[in-house]
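Working notes, beginning with the structure itself.
Throughout, read-outs are computed from the coordinates displayed, never taken from laboratory work. On a predicted model such as this, the values are computed, not experimentally measured, just so you know. Virtual Cβ from ideal backbone geometry, glycine too; neighbours counted across all protein chains shown.
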Amino acid sequence: MFEDQSDQALLAHFRETQDPKVIALLMTRYDGLIYGMALKWLRDPERVRDFAGDLYIKLFEHLQKQEVDNFPAWLGRTTRNRLHDLRRKDQVRDDYKSVYVPPEAPDVESAWDLAMDIKELREAIESLSDTEKIVIRGVYFEGKSYHEIGEEYGWSFNQVRGARERAIRKLRNLLSDDFKNYFKD
Amino acid sequence: MASLNEPKLYSLATMQAYLDGGLDAETQSAVEKLLAENPDYALAMEGLDRHQVDSVFARDKEQKEFKAFLTGLGTTKEDKKVETQAKPQETPFEEPMVRDLRAARWWQIAAVILILILPAIYFFQKPDPTLDQIAMNYLEPYTFSTERGSTVARELDSVRDIYNDGSMLYKKDPKAFQNELPPEFEAAKQGYLQILTLPIDSLGTRQYLQAKMGLGQCLLFQGYQAEAIEQFEPIIQHGDNEWLPAAKWYKAWSLLLLQREEEAKTILVDLSRQKSDYRAKAQSLLDEL
């Protein structure tokens, strides 16, 4: 019954009726945006579903009183903000753990292994092309998104994506299993 | 061009199709514009791109579960009550003895009908095999003939031998390699990639097409169907070569695994009409589909 209606018509109908089906339908329309953004931060489809449940409640509360002109842009912002909140909570939990659980003291042998591993990793990264190096450092060591790297160097999304894929393929061949796991996604 | 606020562009189906290379030119260009202009959209696409799953089937299952979850969010207690009410209700009251007798008579009639139609049900209602099961019966790696090539092709021959070793191992026991392919596939892929960095002129057309075929095989069995199609395409475009029917067959399989069944069927129909080793297989696969 609602499927053919525009976002604006649905939002107006929701403000009038508070029908929860409208929110579910809007979220289904933009399922790629929500799923992809949440997957980028949470990595786990089960956590993504939990997150979508929370987001549904937030949208239900906000959209009763708020008028929205550009729904996809607003939904992107709201999803990002909710994910930031979730990340902050995770950070607090991790900080708590690090304070109250004493870390194991590394023995001499594992310290030596670590030094060797870092050398191996550095050499493998040095063997990449300049573009691949920039992308790998950006994505894995500086936590940048494809978009941020693209903006910085004037590359398209697909150029960054392609460079990451090529670099990962090379690194998987060059590195031992421990590091292969590090670069698995 | 489609408006950048078009909901279709933000759907999981469209975004995944973009990553798999399955969009028409107009939608693809709209998606690319959005990627450049909307950082949240680019972030979402990156999330989909970097999410690792064992197979396309596992990925599709996760996405279907998410969609089902979203659809379920709007269902209220009242909706569930309406669903329950819509189910046929039991007759409110009858004398227990009469009801038992009626039920017994109905059961006798039902039993007779069932006995009569059971063979027909069995014949017509064989359970539909899943794509996984069909693939297990039909999809196996190509094996190259082992004739020796010229000096130029010596490198290609050794990569082909590595690939053939892997494909033989796989064919002997496909189930054993469902989770991890023989390492020869990766080694051969790297070899083919290396060979294909040479210009076609120095490689020769035949060698070029053979390397494309080999690389396509490695990619297909490693789960990179969209990339595999890119390798089979020049073989099909070239037209007159010994790998043409095989390239069509494996392109059809790549499309099937990408759930682009209609495009796959078009190729299979074409294969089933021309004389080749794949004619009977294509016909039989079409029947199963």
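A few remarks follow.
- Theoretical FRET efficiency, 1/(1+(r/R0)^6), r = Cβ-Cβ of A:His62 and A:Arg137, R0 30 Å, to 0.05: 0.20
- Packing-based exposure ordering (other Cβ within 10 Å, fewest first) of A:Lys170, A:Lys119, B:Lys33, B:Lys248: A:Lys119, B:Lys33, A:Lys170, B:Lys248
- Size descriptor, Kirkwood hydrodynamic radius, that averages inverse alpha-carbon separations across region B:215-256, Å: 9.8
- The orientation-averaged shadow of the Cα convex hull for region B:1-53, equal to a quarter of the hull surface, comes to 3.4 nm².
- Taking a quarter of the surface of the Cα convex hull of region B:168-289 gives a mean projected area of 7.9 nm².
- Loop GluC sites (Glu not before Pro), region B:157-193, which have at most 15 other Cβ atoms in a 10 Å radius of their Cβ (DSSP): B:Glu180
- Unsatisfied cross-links (Cα-Cα over 31 Å) in the set B:Lys8/B:Lys281; B:Lys33/B:Lys251; A:Lys144/B:Lys175; B:Lys8/B:Lys275; B:Lys67/B:Lys212: B:Lys8/B:Lys281; A:Lys144/B:Lys175; B:Lys8/B:Lys275; B:Lys67/B:Lys212
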